Structures are given as structure tokens and as C-alpha cells.
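So the structure is just underneath, and the comments pick up after that.
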Amino acid sequence: MKQLIGLLVISAFPLFTFAQSPVSARLSSGYDLGMAYSKSNYNPSITYYQLINIGERKRFSLGWTARLGAFYGDNINYYTAPARLTRGKTGFNALSGPVLVSNIDTVRYDYMSNTSLNVGIRAQVNLGRVELGVSADLLGFSFGKSRIGRYQSSDGQFRIKSSTGSDSTTAYFRGANTFQKSRPSILNVRLLGDNDIGTLSTEVYARIRVSQRIGIKLGYQWLTTETTVSNRDIVADNNRFRNRANMAYVAVTIPVFY
């Protein structure tokens, strides 16, 4: 993954090298080469953005993003994901419902990694050399290596393939641990709150334009990642688990001029 991000960065340099002289335009675009970080998690990413500057003074901008990110976490817990279990509701009703602690199971990983590619939206306020904005992933996909996690559940039962290929139900003692193989959930979809599926990022930021060809971006990122375990819990009818990480974010912005 690190080699892939490096290749994308290198491939972008011709755009900067052969860019035309900066001109005032209704359309603005560029690349954010950044890193989000907390004590046990980090998320390097490269984001391409394209914004339409609104109004004669170009005070506001709206547009879209494409973000490639790699998440790494140590000693990390993933919790029951579906809103029907975490809130007992789905749709807009799940946004205000309390968390049902009795329905929450945990998968503990010594190490987790996840690579995602998402498209999203961005809104920005332009205040001269300072720009304030917010970005949110909407849709994409994730991939990565399978990991072994320690599943902790009060009443879980799992349907496992036998050596003959038939299904059999295997139960374990309440409160005990069992190991589960899992992979990053493939589909990423923004549906609001616990209705969300997969790996999605939201960020707020302030960018300082150091010059016409470079800017420094400081922000805060909320990143949700999700895994799918191999064996579905047939009591809860669930195999999806998520982690939410809050991280400081810093990036270098390189505009593209047309």
C-alpha cells in the first residue's frame, strides 16, 4: 500500500510541472497529501479535489473529492455495526435512538489495516489566504489483508462449515473468547450515523495558502472503518463490526492550474 501511494504521488508531479500560470478561474482543483494521526492509529492519504467557486467574489466553493487512504491501527476494538442492533432502529429513527449496550459485541485486533478509495463532497469558505472547509466521503470500496480477531460476545453462536461441507452450529460459553478471521468490508456507503456501511472519512480543516503553488492544511478527521468476520453470529444475525477513530490531520496542498 505504501508503494501504491508513492506511485500515485510520483505520477501526479507532471501535472505540477507542466501546469499553466495561475489564473483567476471559476474552477479550482488540486491534491492534498496528508496524514491523520492519533495515539494508536494513523491514516496517510492522497485526495484530489475539484471545486466550483460561487459568486463574483468567489467567497464560497462547492465540489467533489476522490480520496485514497490507508488506515493502520494497533490494539484496536471493533464493535457491532448495524443500526438495527446498536440503536434498535434503522433509517432516520436510528439517528436519535440510544445505544443498546446489551446488543454490542466486540472484536479485538492486535493490528488492523485497511485501504479505501472513496468519492465525496466538499464545501469551502474562502477568506483570502485562509480557507475553511469540510469534506465527507460518500461512496467507495475498501480492501486489505485478512486479520484474526478475538470475538467477545454474551450469547453468540456461529454457523461453521464442517469437513463435509455441511453447516453445523457451534456455541461457546457466555463471556468467553473465540477467534475469528475477518477482512475489511468491501462496500462504503454514507447513510448517516449507524446506518453507514464500510470505511468513511469526515474532516474539517483550515488551509493557509503559503504561495500560489502550495498550501498547508490543518484539520481534524473522523474516520470509521469496518470489518466483516467470516462466521456470522446467528443469534444477532450479524458479521459486521466498526471502529471510529478521531485524529488530528495535516496536509500539503498542491493546486492544479488549467
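The values are calculated or read from the model by the stated rules, or taken from the named source; none is laboratory data. What you are looking at is a predicted structure, and each value in this text was computed from that prediction instead of being measured. Backbone-built Cβ (ideal geometry, glycine too); neighbour counts: all protein chains shown. Remember, those area values only see protein heavy atoms, side chains included, never the ligands or the DNA or RNA. Shrake-Rupley method; radii C 1.70, N 1.55, O 1.52, S 1.80 Å.
Points worth noting:
- Pairs are defined by a Cβ separation below 7 Å, a sequence spacing of at least 6 or placement on different chains, a first member in segment 232-248 that is in a strand (DSSP E or B) and modelled with pLDDT under 90, and a second member that is of a type in the set (Gly, Ala, Ser) and crowded, with 17+ Cβ neighbours inside 10 Å; the pairs so defined are Asp233/Ser153; Asp233/Gly156.
- Scanning segment 196-239 for residues that are basic (Lys, Arg) and open to solvent by 50 Å² or more (accessible area, probe 1.4 Å) gives Arg209, Arg213, Arg232.
- The residues of segment 47-81 that are in contact (Cβ under 8 Å) with a residue 60 or more places away in the chain, open to solvent by 10 Å² or more (accessible area, probe 1.4 Å), at negative phi and assigned to a loop (DSSP other than H, G, I, E, B) amount to a single one, Arg59.
- Leading residue by the ranking (surrounded by the most Cβ atoms within 10 Å (Cβ to Cβ)) among those in segment 22-46 that are of a type in the set (Gly, Ala, Ser) and in a loop (DSSP other than H, G, I, E, B): Ser38
- Test: residue in segment 84-105 that is in a strand (DSSP E or B), more than 18 Å from Gln221 (Cα to Cα) and either open to solvent by 40 Å² or more (accessible area, probe 1.4 Å) or in contact (Cβ under 8 Å) with a residue 12 or more places away in the chain (or both): no
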